[in-house]
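The values are calculated or read from the model by the stated rules, or taken from the named source; none is laboratory data. All of these numbers come straight from a predicted model, not from anything done at the bench. A quick note on method: Cβ atoms are made from the backbone with ideal geometry, for glycine too, and the neighbour counts reach across all protein chains shown.
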Amino acid sequence: MLGFYAGVLCSQRGLCVCRFLRPTCATAMEDEPELLNQLLRIAAILCVLFLIATSCLCCWCRKGQSCSESAQCDTGQVEHPSNTEAGLLSACGTLGLSVSGTQAVVSFLRLHGHLPADRPSGPVPEASPETAIEPVQVPCQGSWVMDLPWGKQQVGAVVGRQVECLGQVAELKGGTRLHFQWPDGARQELQAFDQHVLTWTVDTSWPQTLCWTRVPACPLVADCSDMQVLTSADRHMCSSCGEEKAGSHWFCCSHSACLCPTCAPVPKQAVLGISAAWVIDIFPGLARKATGMANPNFHEICPAVAMGPQGLGFGKACPRDGRPGCSVVDAVDDKYRGRATHFVSWCWSYSLDDFVSALQSWVAKERLNASEVYLWVCFFCNNQYRMLESGTQTGSDELKAVFESHLGEAGRMLLMLDSFVDPKYITRAWCIFESFVCISKSLEMTIILPERSRDKFRETLDTAGGFSKLLVAFEAMDVRYAEASSKIDEDMIKKLILISCGFDVVNQAVKHRLLKWLTDMFQGHLLNLRC
């Protein structure tokens, strides 16, 4: 019997040994079942007392540290308490304890802090000063692929209370919300979490939502940290679940091991925008030189700048599919691309001067720092080499999904008109649909125009019936008769409208928004005249 107790107390997990000792004891004592049950119950109690004394139920650490020594093991993460409780319940069942007896053991351990309550995933609750959230309460220790406020993704780590990334170190603090501050002053707060993903908000010039995705351990060698995200059209077999899948996945180059997104979530690539400073200061000269034209439109600029052997991305690997030929935003210097802050809805038929002037006027009016504004513009951000291969500039097979997701990521739209009088925008199917989606999602919308159009606006209003002339074009807008560069695009967008809400709903929503804006502009003009 002494050997029985010694075996229990010396086992690594304490309770597990009883699984194979019980049948042995039962054979030796089959004539005395009641005595056997009593001995097993005593063994269970001794196991519990042993585990309490060594605090093993609090952290099943690989190094066997007690909770008084460290709240984390060398992996940087406490094992989830639900795993501990499940093992305890299973062991107690094997030992023959009654349900009430098992629950009494669990309650006793919780009461004394040796079996903490389960940490649910989901939104981070607001805490009062008395119940402030501390870093130890969130599974944030370890390595992460971090979305950064300035639009990049980088592997960083949380060690203790320190966030380390790109040579920068910030202190993780508790409070009503877990937070830290980057050296440049940007404050980042935790909004939601689970074991694999942390979701943050950051209070930069343009508020953003950022995600951190945990870097998993190699499924073949636990202490290997060489896992990287790969994107490939080829199918791969997951080393964990055995399923074959294509697309983005984790890959360990040291051991040729893969993990699919189901087994280990893959970080979502940031939606990048082109710097407004680059568009205003560098792009005009580049476009004029490449085309040999003083004021080309974007249909004329595209083959000279965005595709073909003269394109900025010619021969450069696309970071999304690994093939030669990338978008303009992926080809420019790193400092000229960042997380998109605005989605631009516009027409390719706009001239270079009008496009740049509209952005320049808006930046000046709002007193913005152009280097902090990143624009998602299809011309710059879509890979025009792939559009050329698909046979359509707009990429009708994927553009809807692209623009909806990117509009949502940016969270705000710049609706660019070329003129107050008969604007081209309201004759284009994609433009009308984009503005409708922005309105229906209640996202921020700002209407911008080139400076020359404002002069024309004032001239028109100074003539007899000028405002009525402006209203006519906007009131005549009808998405039924709107066109697109590609007939495939035009048919697709009209079909989408028909099966979702109908032409009249789109017309009414977009007209109401544009007419309200036009009326506000007219009232502003009258106020200026009175002054």
- Message: Among the residues in the range 465-480, are any within 16 Å of Trp430 (Cβ to Cβ) and surrounded by 17 or more Cβ atoms within 10 Å (Cβ to Cβ)?
- Response: yes
- Looking at the range 238-272, which of its residues are of a type in the set (Val, Ile, Thr) and surrounded by fewer than 17 Cβ atoms within 10 Å (Cβ to Cβ)? Thr262
- Name the pairs: first residue in the range 447-466 and farther than 22 Å from His342 by Cβ, second residue β-branched (Val, Ile, Thr) and assigned to a helix (DSSP H, G or I), Cβ to Cβ under 9 Å, at least 6 apart or on different chains? Gly466/Thr460
- Task: Kindly establish whether Ser232 is of a type in the set (S, T, N, Q), out of contact with any Leu (no Cβ under 9 Å at 6 or more places or on another chain) and over 30 Å from Ala370 (Cβ atoms).
- Result: yes
- Looking at the range 388-402, is at least one residue part of a helix (DSSP H, G or I) and modelled with pLDDT of 90 or more? no
- Query: Does Gln168 count as farther than 25 Å from Ala264 by Cβ and not hydroxyl-bearing (Ser, Thr, Tyr)?
  - Reply: yes
- Message: Quick check on this structure: which one of Arg187, Arg214 is of a type in the set (Lys, Arg) and either free of Cβ contacts under 8 Å to residues at least 12 places away in the same chain or closer than 30 Å to Cys260 by Cβ (or both)?
- Response: Arg214
- Note on the structure: Over the range 144-189, the set of residues surrounded by 15 or more Cβ atoms within 10 Å (Cβ to Cβ), under 17 Å from the mean Cα position of the chain (by Cα) and not in a loop (DSSP other than H, G, I, E, B) is Trp144, Val145, Met146, Asp147, Gln153, Val155, Gly156, Gln188, Glu189
- Task: Test Ser248 against the criterion of being at pLDDT below 95, within 26 Å of the chain's Cα centre (by Cα) and not in a loop (DSSP other than H, G, I, E, B), and give yes or no.
- Result: yes
- Can you confirm whether the range 506-528 contains a residue that is of a type in the set (Gly, Ala, Ser), at pLDDT below 90 and surrounded by fewer than 15 Cβ atoms within 10 Å (Cβ to Cβ)? yes
- Note on the structure: From the option list Ser205, Ser225, Ser232, Ser275, single residue qualifying as crowded, with 18+ Cβ neighbours inside 10 Å, in contact with a Ser or Thr (Cβ under 9 Å, 6 or more places away or on another chain) and hydroxyl-bearing (Ser, Thr, Tyr) is Ser275
- Note on the structure: In the range 426-462, anything crowded, with 21+ Cβ neighbours inside 10 Å, in a helix (DSSP H, G or I) and in contact with a strand residue (DSSP E or B) (Cβ under 7 Å, 6 or more places away or on another chain) is listed as Ala429, Cys431, Glu434, Ser435, Cys438
- Item | Selection from the range 154-173 of residues that are in contact with a Lys or Arg (Cβ under 9 Å, 6 or more places away or on another chain) and closer than 16 Å to Trp200 by Cα | Glu171, Leu172, Lys173
- Task: Six or more apart or on different chains, Cβ under 7 Å: which pairs go from a residue in the range 520-531 that's in the same structural domain as Ser468 (by TED's automatic domain parsing) and on the phi > 0 side of the Ramachandran plot to one that's assigned to a loop (DSSP other than H, G, I, E, B) and hydrophobic (A, V, I, L, M, F, W, C)? Could you list them?
- Result: none
- Task: Being over 17 Å from Ala157 (Cα atoms) and of a type outside the set (S, T, N, Q) is the filter here, so list the residues in the range 219-238 that pass it.
- Result: Pro219, Leu220, Val221, Ala222, Leu230, Ala233, Asp234, Arg235, His236, Met237, Cys238
- Answer residue from the range 463-484, given it is touching a strand residue (DSSP E or B) at 6+ places or on another chain (Cβ under 9 Å) and in a loop (DSSP other than H, G, I, E, B) and is farthest from Met521 (Cα to Cα) among those: Ala484
